[in-house]
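Visitor: Quick one: the structure is below, questions incoming.
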Amino acid sequence: MAIYATEAKFVTDKMFLIAAQTLAQQLNAEEYNKGTLLPSTSRILEIALEISVSVAKVIFDDGLARVERPDYDSHILQFIEKRMYHPFYKDYL
């Protein structure tokens, strides 16, 4: 999501590293105590957004974005959310 939202010029190893580190930090205490390696899929959107924000910060900091950086780092989440795909399905029943 971060690459798409920022229109990054290219993807770097640093972006992959930050994404992996952010993912590792998303385990909650219950998941950690169970010994799971990855967070629950029930939180996938929340986790994807956290990863995207972290990666977007790297993209902006390294000057790889083709769009203007939001005024504040706290606005990067809203910046990405605006560009997210939201699947809405019509209920035919």
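The values are calculated or read from the model by the stated rules, or taken from the named source; none is laboratory data. In this text the structure is predicted, and so the values were computed from the model without any measurement. Cβ sites come from the backbone with ideal geometry, for glycine too, and all protein chains shown count toward neighbours. Heavy atoms of the whole protein, side chains included, go into the accessibility calculation; ligands, DNA and RNA do not. Shrake-Rupley method; radii C 1.70, N 1.55, O 1.52, S 1.80 Å.
Visitor: For the range 33-45, which residues satisfy the criterion of being open to solvent by 60 Å² or more (accessible area, probe 1.4 Å) and within 21 Å of the chain's Cα centre (by Cα)?
Guide: If the condition is that a residue be open to solvent by 60 Å² or more (accessible area, probe 1.4 Å) and within 21 Å of the chain's Cα centre (by Cα), then L37, L38, T41, S42, I44, L45 are the ones that fit.
Visitor: What are the pairs, 6+ residues apart or on separate chains, where a residue within the range 39-60 that is more than 12 Å from M84 (Cβ to Cβ) has its Cβ under 7 Å from a residue that is open to solvent by 20 Å² or more (accessible area, probe 1.4 Å) and polar (S, T, N, Q)?
Guide: From the range 39-60, the pairs are P39/Q26; I47/Q26; E50/Q26.
Visitor: Considering only residues of the range 51-93 that are open to solvent by 90 Å² or more (accessible area, probe 1.4 Å) and not in a loop (DSSP other than H, G, I, E, B), which is farthest from D13 (Cα to Cα)?
Guide: For the range 51-93, the residue satisfying everything is K82.
Visitor: Tell me which residues, restricted to the range 34-50, are more than 21 Å from L17 (Cα to Cα) and either in contact with an Asp or Glu (Cβ under 8 Å, 6 or more places away or on another chain) or assigned to a loop (DSSP other than H, G, I, E, B) (or both).
Guide: Matches in the range 34-50: G35 only.
Visitor: For residues that are touching a residue at least 24 places away in the same chain (Cβ under 8 Å) and among the small types (G, A, S), tally how many sit in the range 61-74.
Guide: Within the range 61-74, residues that are touching a residue at least 24 places away in the same chain (Cβ under 8 Å) and among the small types (G, A, S) number 1.
Visitor: While we're here: Could you count how many residues in the range 1-19 are hydrophobic (A, V, I, L, M, F, W, C) and open to solvent by less than 60 Å² (accessible area, probe 1.4 Å)?
Guide: 6
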